[in-house]
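Asks: This is the structure I want to talk about, given as structure tokens.
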Amino acid sequence: MAEKSGADILVQCLVDLGVEVVFGYPGGAVLPIYDALYNHPTIKHVLVRHEQGATHMAEGYARSTGKPGVVLVTSGPGATNAVTGITDALMDSIPMVVITGQVPTQLIGTDAFQEADTIGITRHCTKHNYLVKSPAKLAEVVHEAFHIATTGRPGPVVVDIPKNVQIATAPYARPELKVHASYHPQTKADAAGIDAAVEMLAAAERPILYTGGGVINSGPQAAALLRELAALTGAPVTSTLMGLGAFPASSDQWLGMLGMHGTYEANWAMNQADLVLCVGARFDDRVTGRLDAFAPNSRKIHIDIDRSSINKIVDVDVAIVADVGSALDDIIALWKQRNHQKVDLTEWWSRIAGWRARKSLDYAENGVEIMPQRAIADLYSATKATGKDVIITTEVGQHQMWAAQHFGFDAPNKWLTSGGLGTMGYGFPAAIGAQMGNPDSLCICIAGDASVQMNIQELGTASQYRLPVKLFILNNEYMGMVRQWQELTYESRYSNSYSDSLPDFVKLGEAYGWTGIRIEGPADLEAGIRQMLETDGPVIVDCRVAKMSNCFPMIPSGAAHTDMLLDPSQVEGVMSDEAKALV
Amino acid sequence: MHIQEELSQRHVLSLTVSNEAGILARIAGLFTARGYNIDSLTVADITQDHGVSRITIVTNGPPKVIDQIIAQLDRLVPVHKVTDLTENGPFVERELALVKVAGTGEDRIEALRLADVFRAKVVDTTIESFIFEITGTTDKIDNFVGLMRQIGLVEVGRTGVVGLIRGKDAN
Ligand SMILES: Cc1ncc(C[n+]2csc(CCOP(=O)(O)OP(=O)(O)O)c2C)c(N)n1
Ligand SMILES: [Mg+2]
């Protein structure tokens, strides 16, 4: 059998696994792999400016295409710089494979130059990780790594390859997929759970579908089945931040997002429901609010591919461990087989109409400043009018919540945001990754003035690969979300939440060869957005918005869904220590 | 504000895992990362080809946390099976301890007498000391060590618990 070097084996595996794009950054411990990628005919390497950028690009690529994101970084600082993105992918269940270089095996443990214990550091922020000590093992490991990253509950997998293993040779034949005998995610539901779920749905008077990122991960088919189930039952649908787009925001049955910055109707409907069907969501504290007041009079069904999500936070009556798509398929089939008819939900819907009438997302405008909500709403209508496929990413903060509230998503995989980890610095590289995977789509990052500076260096990456991403900064000159919490909790003592010494974003963009646009006030908003959309290359927009706006509705941490603050007049400015201690 | 603690129960968990580099760190790290308790942990390979190890973990926590621990362990790629021996019907658990006691005269005789009651074996002796080997449940060993403390305990080494379900079947 012909022998190949470890580096060539790795690249051959990537080709065999259908990898088209690798986001990476070279260094001593990965030079052999970089040489194997030199002028590669099918694998495109995207050179980032910081390894964290590579990980978020891979996430953006993965979330928008459904394919795993691939990252290549060097040992030591290359690997440690990737840790935030790896953790982000773990929290949000994003399929990602990160190849890290390592010092040669004989130097491991000697504090060699650029040695870091990558396996130790990433052990608990990966779904699984490997140190490969022989080129003969490499192909098997790489194939298994992709399998583990993409099946079951997806997540990041690290493959750490010492430099001598990249250079040494071994006989190579395309490996059979050998997976740990212990790895067998359950994708098909037990019949009993499906049966119980169908009967409970058929009997519920106040049902609600509470959906999450699992629907997106399960694939577009799952989103289609969710729509079918909603149509069959007539139940209202709400979603977590991660699940937006799985159910169309334009549907009459859509209540908007639930949770801390969810709508009044979504949170009240959760609170008053007699049946909660949780589909691929995990009862995160941002969603539940105070636990003993969460959907208190409901029975609960939980569909999740990860058994450890079940009863972790909220005890449920029926647990369905399965892939969301497969479980929904089973539920719909049984519903039809039993010839169940829609329950009359008129009364339930009329109560919901009452909550909707509070118009909890409304905001006051003063004609002088751009309200950030208005900027998002205008961006939404302008992008919709282009008729293009639109992919939105966000950074983390108020702008992220406003985007979730005021931008409507009608399809899955079009909304990319850092939910679980809440990583400032995610959105801009994620937009670059999404654009790599979707060259014809309109990829826009909705950013905050503070967050965008966390990976601003990636302006250069977009320029280099001529990626026409749009970076739309809602510039309120504050870490707005921090300021908002300081108003809620610390009597408006703005400790270090002012964005001092901001750069001139327009000039900064121009320095990288981007088009820069500044939107100063309400009169420029429409034209500025239009100009951004009509400009072919990458565009950075410094949209000056009201500095002191806060994001409502809001359930302060530790409060119940029914204790929503709807507007600033309800903010007291002080909090008990118990409430302060919650995140 | 004060931080409240929940009531906890002791559980003995038995895991079979692929015998590969880092597996122990993966498991121990899961406990620290998620704030679970480890009272004891033992590990040794148990198959002829050295491919599979058994890990026995004694932990404690409220029932909900115990369920989470099991689900979280089960989620690790190299973990084959997790059994909660405490929940799973009758099982045998044993721990081995080496107990060094020093003393002379009446103390020395009393130590030997107690060792006999507990079926502890003398595995080392000098004129002024013994090392006893004792096996049994954690409680039994605790009791023995407690008595020896009153006589002249020098030091103790314990293995931690191993356990198997009773009856003819493998779990
Ligand atoms: C890496 C990281 N550090 C700190 C935080 C805490 N944090 C959450 S939101 C926020 C402020 C974000 O400010 P900006 O990007 O301007 O958004 P705005 O809230 O003003 O819309 C901070 C510091 C975080 N989420 N991520
Ligand atoms: Mg800001």
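The values are calculated or read from the model by the stated rules, or taken from the named source; none is laboratory data. Not measured: the values here are computed from a predicted model. FYI the Cβ positions are ideal-geometry reconstructions off the backbone, even for glycines, and counts take in every protein chain you see. The protein model used for the area step is the full one, side chains on, heavy atoms only, and it has no ligands, DNA or RNA in it. Shrake-Rupley method; radii C 1.70, N 1.55, O 1.52, S 1.80 Å.
Asks: HN-Hα J couplings of segment B:13-27 from phi, Karplus 6.51/-1.76/1.60, θ = phi - 60°, integer Hz, Gly and Pro as x?
Replies: Here the 3J(HN,Hα) series is 10, 10, 10, 10, 9, 5, 7, 10, 4, x, 5, 5, 4, 4, 6 Hz.
Asks: Shifting gears a bit: Report the GluC sites (Glu not before Pro) located in segment A:173-234 that are in a DSSP loop and have at most 13 other Cβ atoms inside 10 Å of their Cβ, or state none.
Replies: Qualifying residues, ordered by number: A:GLU176, A:GLU205.
Asks: What spacing in nm lies between the two simple spin-label points modelled at B:SER8 and A:ASP563, each 7 Å away from Cα in the Cβ direction?
Replies: It works out to 2.9 nm between the two label points.
Asks: List the residues, sorted by chain then number, that are 5 or more residues from A:GLY262 or on another chain and whose placed amide H is less than 5 Å from its amide H.
Replies: Under 5 Å from the amide H of A:GLY262: A:ILE555.
Asks: Chymotrypsin sites (Phe, Trp or Tyr not before Pro) within segment A:483-583: which are DSSP loop residues with at most 10 other Cβ atoms inside 10 Å?
Replies: none
Asks: From the convex hull of the Cα coordinates of segment A:191-356, what is the mean projected area in square nanometres?
Replies: Mean projected area of the Cα convex hull: 8.2 nm².
Asks: At a 1.4 Å probe, which residues in segment B:6-33 are at least 20 Å² less accessible with all protein chains present than in their chain isolated?
Replies: Checking the loss per residue gives B:GLU20, B:ALA25, B:ARG26.
Asks: What does the extension gain come out to for B:ARG113 and B:GLU87, with contour length at 0.36 nm per residue minus their alpha carbon separation?
Replies: Gain on extension, B:ARG113 to B:GLU87, equals 5.7 nm.
Asks: Pick out which of B:GLY61, B:GLY152, B:GLY35 has the largest mean-square fluctuation in a Gaussian network model of chain B, springs linking Cα atoms closer than 10 Å.
Replies: B:GLY35
Asks: Before I look further, what does the protein assembly as shown give for accessible area per residue, probe 1.4 Å, in whole square angstrom?
Replies: It amounts to 41 Å² per residue over the protein assembly as shown.
Asks: What are the residues of segment B:59-78 that lose 30 Å² or more of accessible area, with a 1.4 Å probe, going from their chain alone to all protein chains?
Replies: Buried by the other chains: B:LYS64, B:GLN68, B:ALA71, B:ARG75, B:VAL77.
Asks: In segment A:295-313, what residues drop by 40 Å² or more in accessible surface going from the chain by itself to the full protein assembly, probe 1.4 Å?
Replies: At a threshold of 40 Å² (probe 1.4 Å), the residues of segment A:295-313 that become less exposed are A:ARG307, A:SER308, A:LYS312.
Asks: So if we plug the beta-carbon distance of A:ASP344 and A:GLN186 into 1/(1 + (r/R0)^6) with R0 = 45 Å, what FRET efficiency do we get, rounded to 0.05?
Replies: Using R0 = 45 Å, I get an efficiency of 0.80.
Asks: Give the A-B buried accessible area in Å², both sides summed, 1.4 Å probe, nearest 100.
Replies: 1700 Å²
Asks: Over chain A, with every protein chain in place, what whole percent of the accessible area is carbon and sulfur at 1.4 Å, could you tell me?
Replies: Reported share for carbon and sulfur atoms: 50 percent.
Asks: Here's something else I'd like to know. Work out how much length A:ASP35 to A:ASP117 would gain on full extension: take 0.36 nm times their residue separation and subtract the Cα-Cα distance, in nm to one decimal.
Replies: 27.1 nm
Asks: Among the DSSP beta bridges whose two residues both lie in chain A, what percent are antiparallel, rounded to the nearest 5?
Replies: 10 percent
Asks: I'd like the mean, over residues of A:180-193, of how many other protein chain beta carbons sit within 10 Å of each residue's own Cβ.
Replies: Mean number of neighbouring Cβ atoms from other chains: 2.
Asks: Using θ = phi - 60° and the Karplus form 6.51 cos²θ - 1.76 cosθ + 1.60, what ³J(HN,Hα) does each residue of segment B:125-131 get, whole Hz, x for Gly and Pro?
Replies: 8, 10, 4, 10, 8, 10, 10
Asks: Using Cα-Cα distances under 8 Å and only pairs 6 or more residues apart, what relative contact order does chain A have, in percent?
Replies: Once normalised by length, the contact order is 14 percent.
Asks: Now for a separate question. Extending each Cα 7 Å along its Cβ direction at A:ASP317 and B:ALA28, get the distance between those two points in nm, one decimal.
Replies: In this crude spin-label approximation the distance works out to 4.5 nm.
Asks: May I ask you to give the percent of accessible area on chain B that is carbon plus sulfur, with a probe radius of 1.4 Å?
Replies: Heavy-atom surface of chain B belonging to carbon and sulfur, 1.4 Å probe: 51 percent.
Asks: Let's see if you can work this out: charge +1 on each Lys and Arg Cβ, -1 on each Asp and Glu Cβ, no other charges. What is the dipole magnitude of the protein assembly as shown about its Cα centre, in debye to the nearest 20?
Replies: So the magnitude is around 900 debye.
Asks: Assuming a ≥ b ≥ c are the square roots of the Cα gyration tensor eigenvalues, decide whether segment A:264-351 counts as rounded (a/c under 1.5), prolate (otherwise, with a/b larger than b/c) or oblate.
Replies: oblate
Asks: Another question, then. Simple spin-label model, 7 Å along Cα-to-Cβ: A:ARG530 to B:ARG94 in nm?
Replies: So the two model labels end up 8.6 nm from each other.
Asks: Could you give me the ³J(HN,Hα) list for segment B:160-171, computed from phi with Karplus coefficients 6.51, -1.76, 1.60 and θ = phi - 60°, whole Hz, x at Gly and Pro?
Replies: Once rounded to whole Hz, the list reads x, 8, 10, x, 9, 6, 6, x, 7, 8, 6, 8.
Asks: Determine, at each q value in 0.08, 0.11 (inverse angstroms), the log₁₀ of I(q)/I(0) that the Debye formula gives when each Cα of the protein assembly as shown is one equal point scatterer.
Replies: -0.74, -1.25
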